[in-house]
Structures are given as C-alpha cells and as structure tokens.
Amino acid sequence: MLIPTVRRTWGRVGQTPLFCYRYDHARISVIGGLSISPQRRWFGLYFKLHAKNISSDEVQDFLWHLLKHLRGHVIVVWDSAPIHNRKGLQAFCHQYPRLHLEKLPAYAPELNPIEAAWHAAKHPLANGQPDNIPQLGRALLVSFKKARASQRVLRGCIRQSGLSLFLP
C-alpha cells in the first residue's frame with residue numbers, strides 16, 4: 001500500500017519521532033513462490049505484481065508461469081486462502097500432471113516460507129513513502145530482485161519456516 005510500513009527508528013531521548021504520511025489505500029498485489037532445486041543447491045524466488053486484488057485467474061496464471069520455468073514435477077505447498085480453492089484450479093491441475101498441490105495447515109503463516117520472503121523484500125522499504133503506485137511498483141521490483149539474488153536470504157526463508165527437511 002502507499003501507507004508505509006513503520007519500523008523502529010532513531011529519535012532523541014524523550015522525543016517520539018513523528019512520521020507524517022498521506023492515508024492512501026492504493027496498493028499493488030503480489031503473488032509469488034520459492035523454489036528449491038531437486039539437488040537442494042539452488043533457491044529461486046518467483047513473483048508477479050498486479051495492480052488489482054489477486055483472484056483465482058491470477059493464481060492459475062502464476063502456476064502456469066511456474067510450470068513454464070521449472071522442469072520436472074512441481075510441488076506447490078501453499079496456505080488455504082480462498083483463492084487457492086477454486087474449481088477452475090482443480091481442472092487446471094488435472095491438465096498438468098506434473099503439478100502437485102499440498103496445503104499447509106490453516107492459520108499457520110509461520111510455516112509458509114513465502115511469508116518470510118515477503119518480509120525480506122518489504123523490510124528495506126519500511127519508513128519510506130512512495131508518492132504514487134508506479135513509484136511503489138519500481139521500489140518493490142528492486143527490493144524483490146535483491147531478495148531473489150541472495151541465496152542466503154532465500155535459504156533463511158526456508159529454514160525459518162520449519163521446512164528445513166528440504167535443505168541440504
């Protein structure tokens with residue numbers, strides 16, 4: 001959102017810092033996933049930015065994007081968000097037998113490694129405020145590309161989720 005994420009900041013002792021911003025709900029939605037190579041040596045971050053809320057159509061498009069870029073069987077471990085449970089997605093999965101969907105337990109974001117990736121990508125943007133959606137989009141793109149380029153960050157996202165059985 002154009003409303004900034006506020007993190008801890010510096011201020012003089014006894015003087016609470018003031019952070020002024022416009023109250024604007026304009027937003028960019030992001031869909032993404034982490035990948036681990038079969039040999040568990042390479043981690044990837046795939047994402048797409050959208051100017052509107054993500055629906056099951058965008059989820060299906062993203063799954064197709066993953067299938068296009070990843071070889072072999074693709075196992076998607078995701079949460080139980082309503083957009084992941086549409087009938088159209090089930091039909092889509094039947095078309096692509098190398099795509100396998102597994103659900104995380106409900107209300108368990110700490111088990112979802114993409115949540116850590118969102119944090120890693122958005123953390124550098126904290127306390128900043130872009131003036132408009134294109135500026136926010138550019139900042140997000142730069143931050144996500146930096147996170148994607150760091151194998152250490154991506155490995156940490158997997159490790160903190162408790163899915164370390166996927167790590168060497």
| query | Build a GNM of the chain with springs between Cα atoms under 10 Å: which of E102, E115, E58 gets the top mean-square fluctuation? | reply | E102
| query | Between V76 and residues 5 or more places away or on another chain, which pairs have amide H atoms under 5 Å apart, with H built 1.01 Å from N, and which residues are they? | reply | H100, L101, E102
| said: From the phi angles alone, apply the Karplus equation (6.51, -1.76, 1.60; θ = phi - 60°) to region 105-120 and give each ³J(HN,Hα) in whole Hz, x where the residue is Gly or Pro. | reply: x, 4, 6, 9, x, 5, 8, 9, x, 5, 4, 5, 5, 4, 4, 4
| remark: Taking a straight Cα-to-Cα line shorter than 17 Å from K68, and setting aside same-chain lysines fewer than 8 residues away, one finds K48
| Placed amide H near S35: partners under 5 Å, 5+ positions off or other chain | G44, L45, Y46
| Long-range HN-HN contacts of T5 with modeled amide H, under 5 Å | N127, G128
| note | Per the charge dipole of the chain (beta-carbon charges, Lys/Arg positive, Asp/Glu negative, Cα centre), the residue among S150, L111, Q90 reaching farthest to the positive end is S150
| remark: Taking the chain and counting helices only, DSSP H stretches of n ≥ 4 at -39,500 (n - 2.57) each over all residues, the nearest-500 ellipticity at 222 nm comes to -11000 deg cm²/dmol
| remark: Heads up, region 29-166 by the C-alpha gyration tensor (a ≥ b ≥ c square roots of eigenvalues; a/c under 1.5 rounded, else a/b over b/c prolate, else oblate) looks oblate
| said: Using the basic label-point model (7 angstrom from Cα toward the beta carbon), what is the L70 to V142 distance in nanometres? | reply: 3.0 nm
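Any read-out appearing in this document is the output of simple, stated calculations on the displayed coordinates, not a laboratory observation. Predicted, not measured: the structure shown is a model, and the values here were computed from it. Positions of Cβ are backbone-derived with ideal geometry, glycine not excepted, and every protein chain shown enters the neighbour counts.
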